[in-house]
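The values are calculated or read from the model by the stated rules, or taken from the named source; none is laboratory data. These numbers were taken from a predicted model, which means no experiment stands behind them. Reconstructed Cβ throughout: ideal geometry from the backbone, glycine too, with neighbour counts over all protein chains shown. To get the accessible areas, we keep the full protein, side chains included, count just its heavy atoms, and leave off ligands, DNA and RNA. Shrake-Rupley method; radii C 1.70, N 1.55, O 1.52, S 1.80 Å.
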Amino acid sequence: MSHLTDPTTAHPQPPFPGTKQPVPGDFYKMDPTPDHGEKTYEGHGRLAGRRALITGGDSGIGRAVAIAFAREGADVAIGYLPEEQENAEDTAKLVEEAGRTVALLPGDISKEEVCQQLVADTVSKLGGIDLLVMVAGIMPTVDSIDDLDTGVLDHVMKTNVYSLFWLTKAASPHLEPGSGIITTGSIQSFQPSPSLAEYATSKAGITNWTRAMAGQLAPRGIRVNGVAPGPFWTPLQPSSVPPEKLESFGEDTPFGRPGQPAELASTYVYLASNESSYTSGETIVVNGGTTGH
Ligand code: NAD
Ligand code: MG
């Protein structure tokens, strides 16, 4: 039997059905069902005893990270929107099955007081925090500047960018040397799509924030790094992009398919673990072979 995995055929390829969903999306309703590593992720104690807050941990990339962190030995607090309760409970079940403590913390992170509460609840339920993993984000499509809506722009910036400042400020008094912060940028940080100007601007901001904050926190022994995914098969897509883009989603990457959240989890594990102890201010791009960013 071959031990090789061909990345071009390892997971589903387009065309996809292109079924739309309302925001914030639900992974149960996706066809094909995303692979978050439920059946495959194997832990090796790389995060033993760590305590992580993962925003957007109910579904998609955040769910894959929650599963992987728990199997690596971390306790996990999951941030999500109240309407995602079902997805969050399903993820919590997998954390518990890994023998770890889980805290479910619904709340809208576009508000400063919610970010403060999220950190306070993580500390009280997990006994502290040493990993702040910010995955939550929104991605509205706006085709023309003529349709600019200041409310939408505010919501994107507050959710995707302001929350990084608010969560980090709230967490910093609790973060001891050796703690880690991980952000979630995008290929859009470097190669913006015309119809994603609001989102792409926020994602470029996240990547820049990661560098600036790494500098601020280095003297305290806290590492700050980012992950910049290419196209991944998560509820963000059916709830944000038009059906025709969904049908061919991932086709334009060199591997000809979108990534599955399971293919991203170990990048977060690496940045969270002591294995990356000399790495800070970096962003790892995981995008199916697209180059030139
Ligand atoms: P997802 O829909 O599963 O995750 C996004 C999560 O953000 C939601 O589950 C929700 O819980 C959370 N969220 C949104 N608004 C929130 C708010 N106001 N308060 C609290 N939580 C909120 O989709 P995903 O693709 O796993 O997205 C995770 C991150 O990955 C996002 O930051 C996204 O921009 C980024 N990303 C995704 C892709 C992709 O192709 N899927 C590519 C690059 C970057
Ligand atoms: Mg979700």
- Query: Mind checking which lysines have their C-alpha under 30 Å from residue 39, skipping anything on the same chain fewer than 8 residues away?
  - Reply: 20, 29, 93, 125, 245
- Could you go through segment 283-293 in sequence order and give the Karplus-derived ³J(HN,Hα) for each residue, using 6.51 cos²θ - 1.76 cosθ + 1.60 with θ = phi - 60°, rounded to whole Hz, and x for Gly and Pro? 10, 8, 8, 10, 9, x, x, 5, 10, x, 7
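Which value results when the Cα radius of gyration for segment 44-286 is divided by 2.2 N^0.38 Å? Don't jump to the answer; show the numbers that get you there.
On the way: Rg = 16.9 Å, N = 243, 2.2 N^0.38 = 17.7 Å.
Output field value: 0.95.
Only loop residues by DSSP count here, and only those with at most 10 other Cβ atoms within 10 Å; note down the trypsin sites (Lys or Arg not before Pro) in segment 1-110 that meet that.
Details: sites: 20, 29, 39, 46, 50, 51, 63, 71, 93, 100; in loops: 20, 39, 46, 50, 100.
The qualifying sites are 39.
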- Message: Counting only other residues whose beta carbon sits under 14 Å from that of residue 37, what net charge do I get with K and R as +1, D and E as -1?
- Response: -4
- Query: Hey, what do the phi angles of segment 35-43 turn into as Karplus ³J(HN,Hα) couplings, whole Hz, using 6.51/-1.76/1.60 and θ = phi - 60°, x for Gly and Pro?
  - Reply: 9, 9, x, 3, 9, 10, 5, 10, x
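Tell me what the chain gives for mean residue ellipticity at 222 nm when only DSSP H runs of n ≥ 4 count, each as -39,500 (n - 2.57), the sum divided by the residue total, rounded to 500 deg cm²/dmol.
Values: 8 runs with 91 residues, N = 293.
Here the helix-only value at 222 nm equals -9500 deg cm²/dmol.
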- Write down the accessible area per residue of segment 78-215 in Å², having rolled a 1.4 Å probe over the full set of protein chains. 44 Å²
- At a 1.4 Å probe, what is the % contribution of carbon and sulfur to the accessible area of segment 1-86? 55 percent
